[in-house]
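To start, the structure under review is shown below, and the notes come after it.
Read-outs throughout are calculated quantities, based only on the coordinates presented, and are distinct from any laboratory measurement. Source: prediction; values computed, not measured. When we count neighbours, we look across all protein chains shown, and the Cβ atoms used for this are built from the backbone with ideal geometry, even at glycine.
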Amino acid sequence: MEVDFGISGYLGDRKIAIPCVMKELYSDFIVKEVLADQSVLRLATTAEVQSYVKAEDDKAVNESVPVPPVITADQLSALDGLNNTSKPLEISCEKLTKDQRKVLHDFVRLRYQGKLSSETKGNIVEVHYCGIGSRTRKRKRWDRNCPNYCHFTLAKENKDLNFALGVIAKFLQVSVQNFRTHGIKDRRAVTCQRVSLQSSRKGHSGSVDDALRCWEETGDASLALKKLKGGQAYASIEATVFKCLANGGTWQKCITEALPINLRSLYVHAYQSLLWNKIVSRRISEHGALVCADDLGSNGKKLSPNASHFDIYIPLPGQNVNFEKNYVSQWYEELLTEDGLSFASFSSLENRFALGETTRAMLISAKDVKWKFIRYTNPRSYLQDGLSTQAIAESEMIGDLMALQVEFSIPSGCYATIALRQITGTDMGKQSMKIHSESAKNDDCVKEDCGEPDRNPSLEVSEML
């Protein structure tokens with residue numbers, strides 16, 4: 001499978017492969033983002049988050065907020081007693097001015113610190129409980145005194161980033177295009193990363209196979225859109241494209257305009273990465289880690305005689321005007337010609353796609369490397385903490401099965417699976433891992449009869465990007 005992505009061969013003379021299984025469980029692969037100050041995001045557990053939310057909900061009433069004259073003692077007592085089983089409290093505002101109504105709304109917001117929400121309906125102000133256990137959605141508000149951006153940490157498990165942001169956007173009633181992140185983390189993993197949300201107004205708030213089949217059979221985008229159910233109806237790429245097509249958009253418009261720029265850019269980045277992988281694989285195959293006379297550095301100039309293999313940079317295909325022509329340029333031209341393209345093909349994409357970086361290091365050295373072997377008995381044991389799961393106790397880390405737990409930090413644009421591939425000499429593709437997993441399960445059945453120890457280790461990875 002890796003060959004399909006242009007990845008072939010290994011650095012050095014590999015003669016022995018270490019068969020292993022990676023990502024058997026979601027918590028086997030943990031990705032934490034490294035911030036600009038080089039600190040690593042901490043993965044909070046579900047219990048911690050729930051505890052924090054409950055603490056916020058249990059905050060005492062802020063009695064320092066002045067009570068407006070329009071609030072009677074009985075109404076104040078009723079407001080203080082509102083909970084998730086209470087009916088909304090109605091306060092007459094028939095004789096109140098606009099400024100007096102604003103004071104009333106501000107009082108509810110400040111005194112109850114977000115636990116209650118108020119809304120004007122005709123001649124009354126209706127106050128709801130919206131704390132834990134409430135089915136009432138809080139009134140959408142972006143305080144004028146707040147900054148224009150809200151930054152938060154997103155932790156997810158077995159979810160695509162764009163799907164997760166789509167779900168959040170739906171419940172916040174904002175456009176998913178207002179979210180910004182530094183890259184996309186793995187789906188089949190436990191990941192955490194920082195996200196920014198720009199202040200905005202209310203935005204747009206199944207089965208993908210059924211929808212695609214309907215589109216293929218009928219060509220009716222509106223009908224195909226109706227086939228999407230649940231989160232797929234508002235958080236998937238398919239939903240975005242079908243909505244655009246249903247509104248009369250062309251395929252080109254749907255890809256280059258309807259999709260968020262960070263999402264549509266993935267298609268160009270994927271093609272660039274495919275070609276880059278092929279170039280690097282060929283470079284490693286022909287020259288290994290040796291520095292050649294025509295190799296270029298990060299500045300696009302030829303390397304000095306005392307440069308190391310970590311100084312070699314391979315540009316991505318595009319308008320890299322600062323890079324000298326060398327064997328890489330020739331190899332790219334050959335690959336682009338096979339696809340009916342040229343370097344000039346990328347110039348028209350600058351305005352509609354975020355092409356990003358122009359070069360990558362051929363080899364990097366991982367930092368903060370830690371590793372250890374873990375013994376265990378049950379193949380389904382949790383060996384690392386997940387979002388809602390806990391690793392087995394150290395006293396239980398005994399048995400015939402063995403896992404290698406590796407932790408390291410790598411720069412943006414690098415992939416942990418490539419490092420693990422080099423360590424093990426094993427194809428880390430999805431199909432290959434599935435085959436190894438099934439093989440290990442079959443071996444376990446045989447070993448139960450013959451009493452042989454396990455010989456198919458697993459990999460537990462904690463990656464920091």
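Using Cα-only point scatterers and the Debye equation, what is log10 of I(q)/I(0) for the chain at each q in 0.11, 0.13 Å⁻¹, rounded to two decimals?
Calculated log10 I(q)/I(0) at the listed q: -1.11, -1.34.
For an R0 of 30 angstrom, estimate the FRET efficiency from the Cβ-Cβ distance between Asn322 and Phe5 and round to the nearest 0.05. Can you show the working numbers first?
Details: r = 27 Å, r/R0 = 0.91.
Here the calculated transfer efficiency is 0.65.
Report, by chain and number, residues whose modeled amide H sits under 5 Å from the one on Met362, excluding near sequence neighbours (fewer than 5 apart, same chain).
Result for Met362 returns Ile312, Tyr313, Ile314.
Can you compute the modelled spin-label distance between Leu341 and Leu290, with each label point 7 Å from Cα toward Cβ, in nm?
In this crude spin-label approximation the distance works out to 3.2 nm.
How many percent of DSSP beta bridges within the chain run antiparallel, rounded to 5?
Looking only at bridges with both residues in the chain, the antiparallel portion is about 70 percent.
Using the basic label-point model (7 angstrom from Cα toward the beta carbon), what is the Asp80 to Ser395 distance in nanometres?
Inter-label distance under the simple model: 4.9 nm.
With θ set to phi - 60°, apply the Karplus curve 6.51 cos²θ - 1.76 cosθ + 1.60 along region 221-230 and write out the HN-Hα couplings as whole Hz, x wherever there is a Gly or Pro.
5, 5, 5, 5, 4, 5, 6, 7, 10, x
Please get the size of the charge dipole for region 143-198, origin at its Cα centre, with Cβ charges of +1 on Lys and Arg and -1 on Asp and Glu, quoted in debye to the nearest 20. Each step should come with its number before you reach the end.
On the way: 9 positive and 4 negative charges, 16 e Å.
The calculation lands at about 80 debye.
Using a ≥ b ≥ c from the Cα gyration tensor of region 208-259 (square roots of the eigenvalues), is it rounded, prolate or oblate, where a/c under 1.5 gives rounded and otherwise the larger of a/b and b/c decides, a/b for prolate? Please report the intermediate quantities before stating the final value.
Working: a/c = 2.06, a/b = 1.24, b/c = 1.67.
Here region 208-259 falls in the oblate category.
Label-point separation (nm) for Asn247 and Trp331, each offset 7 Å from Cα along Cα-to-Cβ?
4.3
Could you tell me which residue out of Ala419, Ser308, Asn123 lies farthest along the dipole of the chain toward its positive end? Charges go on the beta carbon: Lys and Arg +1, Asp and Glu -1, centred on the Cα centre.
Going by the Cα projections, it comes out as Asn123.
Rounded to the nearest 20 debye, what is the charge dipole size of the chain about its Cα centre when +1 sits on each Lys and Arg Cβ and -1 on each Asp and Glu Cβ? Walk me through the intermediate numbers first.
Numbers: 59 positive and 58 negative charges, 402 e Å.
Around 1920 debye, computed over the chain.
Given +1 on the Cβ of Lys and Arg, -1 on the Cβ of Asp and Glu, and no further charges, what dipole in debye does region 293-437 carry about its Cα centre, rounded to the nearest 20?
Numbers: 13 positive and 17 negative charges, 61 e Å.
Using only the charged Cβ atoms, the result is roughly 300 debye.
Quick check: Cα centre of region 240-277 to Cα centre of region 67-111, how many Å?
Cα centroid to Cα centroid, the span is 49 Å.
I want the local charge near Ala246. Using Cβ-Cβ distances under 14 Å, sum +1 for each Lys or Arg and -1 for each Asp or Glu among the other residues. Could you put the intermediate results ahead of the total?
Numbers: positive: Lys226, Lys227, Lys243, Lys253; negative: Asp220, Glu238.
Its environment carries a net charge of +2.
Name the residue from Phe163, Ala73, Tyr26 whose Cα lies farthest towards the positive end of the charge dipole of the chain, charges +1 on Cβ of Lys and Arg and -1 on Cβ of Asp and Glu.
Ala73
Mind giving me the FRET efficiency for Ser348 and Ala55? R0 is 51 Å, r the Cβ-Cβ distance, nearest 0.05 is fine. If you can, show how the numbers build up before the last one.
Details: r = 53 Å, r/R0 = 1.04.
The computed FRET efficiency comes out at 0.45.
How far, in nm, would the chain grow between Gln38 and Thr181 when pulled straight, counting 0.36 nm per residue and subtracting the alpha carbon separation?
Values: separation 143, 0.36 × 143 = 51.48 nm, distance 1.67 nm.
Gain on stretching Gln38 to Thr181: 49.8 nm.
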